[in-house]
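**Student:** Take this structure, written in structure tokens, and hold onto it; I'll ask about it next.
Quick note: the coordinates plus some simple rules give every number you see, no bench work behind them. Only a predicted model underlies this, so the values are computations on that prediction, with no experimental measurement involved. Cβ: placed from backbone, ideal geometry, glycine included. Neighbour counts: every protein chain shown.
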């Protein structure tokens, strides 16, 4: 399997690119972090997810969802209130929804792309929002239950 750094395909919004470039420059000669820390981070196993978050505060079983590119940290949920409820669970204050992708057996917390949840500048571009705040090529999709969330 490729290294964590070579697998990373997340596309940072333009406003955050200078910060990402500075962080990556600081990694030269250092080991690349391999332990994701929050919702939406890359993973290979659930044990890699939510480092520093009290497991007792997460409202559902932790998942490293392999049907998403390279694995995606999330957890099972019953309602939207279960998503980003624990301190440190979500590093970025973006709205997540408790949704069930059509091919999944369980509901899980996923980045919402409902029009009312998009950040300024993305009101007419939910696919661009998903590509910028999740992974390149991700789109805004709807489940049979009517939830709109970012997915490959």
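**Student:** With label points built 7 Å along Cα→Cβ from the Cα atoms of residue 105 and residue 67, find their separation and express it in nm.
**Tutor:** 1.2 nm
**Student:** What ranking do 140, 150 get, fewest neighbouring Cβ atoms within 10 angstrom at the top?
**Tutor:** With the sparsest Cβ surroundings first, the list reads 140, 150.
**Student:** Same structure, new question: So how do 143, 66 line up by other beta-carbon neighbours within 10 Å, fewest first?
**Tutor:** Final ranking by Cβ density, sparse to dense: 66, 143.
**Student:** While we're here: Binned at 10 Å from 0, what are the whole-percent values of the Cα-Cα distance distribution for region 38-151, short to long?
**Tutor:** Per 10 Å bin, starting at zero, the Cα-Cα P(r) for region 38-151 comes out as 16, 50, 31, 3 percent.
**Student:** Say R0 is 30 Å: what FRET efficiency, to the nearest 0.05, do residue 91 and residue 144 get from their beta-carbon distance?
**Tutor:** Efficiency computed from Cβ-Cβ geometry: 0.50.
**Student:** Say each of residue 81 and residue 54 gets a label point 7 Å from the Cα, pointing the same way as Cα to Cβ; how far apart are those two points in nm?
**Tutor:** Those two pseudo-labels are separated by 1.9 nm.
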